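Notes for the one structure printed next.
Where a number appears in this text, it was derived from the coordinates with a stated rule and is not lab data. For clarity, every value in this text was computed on a predicted model and none was experimentally measured. Cβ placement follows ideal geometry from the backbone for every residue including glycine, while neighbour counts extend to all protein chains displayed.
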Amino acid sequence: MLMHTRRIRRDPLAFLTVMKDQYGDVMQFPIPRPPTYFVSSAAGAQRLLVGNASNYGKDTIQYRSLSLVTGLGLLAADDSDWRTQRPLVQPAFHHSALAGLTDVVVEEAGLITDTWRSQETGSMIDVEVAMMDIALRVVGRALFGDDLRGRSAELAQATLAALEVVIQRSRVPISIPRLIPTPANRKLDRSMARLDQAVGELVRQRRVESSSSAGLSGTPLLLDLLLAADLSAAQVRDQVVTFLVAGHETAASGLTWALWLLAAEPRWQDRLADSAELADVFPVVDEALRLYPPAWVITRHSRNQDQIEGREIPAGALLITSPFVIQRDERYWEHPQRFDPSRFEGVKPQRVAAYFPFGAGMRLCIGRDFARWEMAVVLRELCQVFRLQRAGTSSPRPLTEVTLRPGDGMPLRVWRR
Ligand code: HEM
């Protein structure tokens, strides 16, 4: 393991893929504690997330680090906490909200098309910046009823700065306690204070103007559900930050990679531009999330002993599985490296084996329909107005941060149709 440290840091995706090829479906890393396994088969991931899900909790280094920022909100909460929280927020994600989401996304995409139109046609534009921006505004307006535009830069920067520290912490096995004022801990404190302030303002403003606007298509607004529940200020803050973190960078990452994939496919761009139904766009969304699943690893902690793919897993183990590795495995996918949205045409992605960009089982992403819908509308709106082209021939190597992100932004050439 020590010999491989540099390799793991440089390209964990390649490392995990090699481990799968070399050691099979369930391999144990040679590190003393906790016993740590990589589960790289579709059946193994199914056992972990669905078949015996109640045996596997979220008390892992990944979620402990994330919870420094999100607290024990819905994403990082375990067991009984999670069971109380999920029904509380579920009404905000009712299917009927999606029609209202279209209006919000169309309006926000209009701001991007206006900005891009004002540039000379054929200019290079960093689409990652635009996708980070739109994803934040959409999640903000849809869930918190507030036009975050004025505060979006502050919130996004504070979130990203806090998450950066979290990523660094989760990469080293021994973390320096939070109370010791190391530069990293101080940076985390500063960004948390900024986040707290921004969220505090959001909540204050909503309390003042409460009930002036509802959620999408008449569904309750997430923020109102939280404010009406018997929660402390800290609990409200944890949920707000959780939903910002879970719903912002993930969708932005998915959109950024989808645009990059589309930029090499003029035929698919034309199809999106002409699409009458959103259903025509979903195959592109689903295929982009196959090749570049923003949540590239999922981790769990075993409560009791179990067997996965015939291998004994002791209690107290750390289990790692990866949508990125499994969704590119040629045992399950023909020409797995090829971008081919037609594989999802007429197919319900939730029924596809070896495909779980939104997780699976009881801890399935609560924002799955929201995110697919949002991505489909953004892609359609942009392709109707512009053609995209890659600038060079090399592929950006995804950085494995909280989500998969391109290292140096995503500059694409943008032409008006
Ligand atoms: C392309 C975009 C997205 C991707 C790829 C994604 C991926 C995921 C994955 C893989 C999980 C499960 C994690 C695990 O099992 O350990 C998850 C959970 C979650 N996601 Fe998403 N997500 C996306 C968008 C969103 C959006 C837009 C929201 C909110 C508006 C959201 C909110 C959440 C929450 C709250 C959870 C925890 C659910 C629970 O445990 O009950 N996500 N997401």
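Would you please name the residue that is farthest from ILE134 (Cα to Cα), looking only at residues in region 73-113 that are within 13 Å of the ligand (Cβ to nearest atom), in contact with a Lys or Arg (Cβ under 9 Å, 6 or more places away or on another chain) and of a type in the set (A, V, I, L, M)?
ALA77
Here's the yes/no breakdown for (1) farther than 24 Å from GLN197 by Cα; (2) within 11 Å of the ligand (Cβ to nearest atom); (3) assigned to a helix (DSSP H, G or I); (4) out of contact with any helix residue (DSSP H, G or I) (no Cβ under 9 Å at 6 or more places or on another chain):
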{"residue": "LEU226", "(1), (2), (3), (4)": "no, no, yes, no"}
{"residue": "THR242", "(1), (2), (3), (4)": "no, yes, yes, no"}
{"residue": "HIS248", "(1), (2), (3), (4)": "no, yes, yes, no"}
{"residue": "SER253", "(1), (2), (3), (4)": "yes, yes, yes, no"}
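Could you grab the pairs with beta carbons closer than 7 Å, sequence gap of 6+ or different chains, first residue in region 293-307 and under 14 Å from SER54 (Cα atoms) and in a loop (DSSP other than H, G, I, E, B), second one within 11 Å of the ligand (Cβ to nearest atom) and not aromatic (Phe, Trp, Tyr)?
Taking only residues 6 or more apart or on different chains, the pairs are ARG303/GLY57.
Could you list, in sequence order, all residues of region 334-356 that are more than 16 Å from the ligand (Cβ to nearest atom) and surrounded by 17 or more Cβ atoms within 10 Å (Cβ to Cβ)?
PHE339, ASP340, ARG343
Spot the failing condition for GLU330; the list is (1) farther than 22 Å from ARG137 by Cα; (2) in a helix (DSSP H, G or I); (3) among the charged types (D, E, K, R), and only one is missed.
Of the numbered conditions (1) farther than 22 Å from ARG137 by Cα; (2) in a helix (DSSP H, G or I); (3) among the charged types (D, E, K, R), the odd one out for GLU330 is (2).
Quick test for you: out of VAL236, VAL245, VAL281, pick the one residue that is β-branched (Val, Ile, Thr), surrounded by 21 or more Cβ atoms within 10 Å (Cβ to Cβ) and more than 30 Å from PRO12 (Cα to Cα).
Going through VAL236, VAL245, VAL281 in turn, the sole match is VAL281.
If I ask for residues that are over 13 Å from VAL414 (Cβ atoms) and under 25 Å from the mean Cα position of the chain (by Cα), which ones from region 375-394 would you list?
MET375, ALA376, VAL377, VAL378, LEU379, ARG380, GLU381, SER394
Does GLN46 meet the test of being more than 20 Å from GLU312 (Cα to Cα), out of contact with any Asp or Glu (no Cβ under 6 Å at 6 or more places or on another chain) and crowded, with 16+ Cβ neighbours inside 10 Å?
no
If you go through region 357-394 one residue at a time, how many are assigned to a loop (DSSP other than H, G, I, E, B), under 30 Å from GLN90 (Cα atoms) and more than 7 Å from the ligand (Cβ to nearest atom)?
Kept after step one, since they are assigned to a loop (DSSP other than H, G, I, E, B), are these residues of region 357-394: 357-360, 364-367, 391-394.
From what's left, under 30 Å from GLN90 (Cα atoms): 357-360, 364-367.
Still in the running and more than 7 Å from the ligand (Cβ to nearest atom): 360.
Count: 1.
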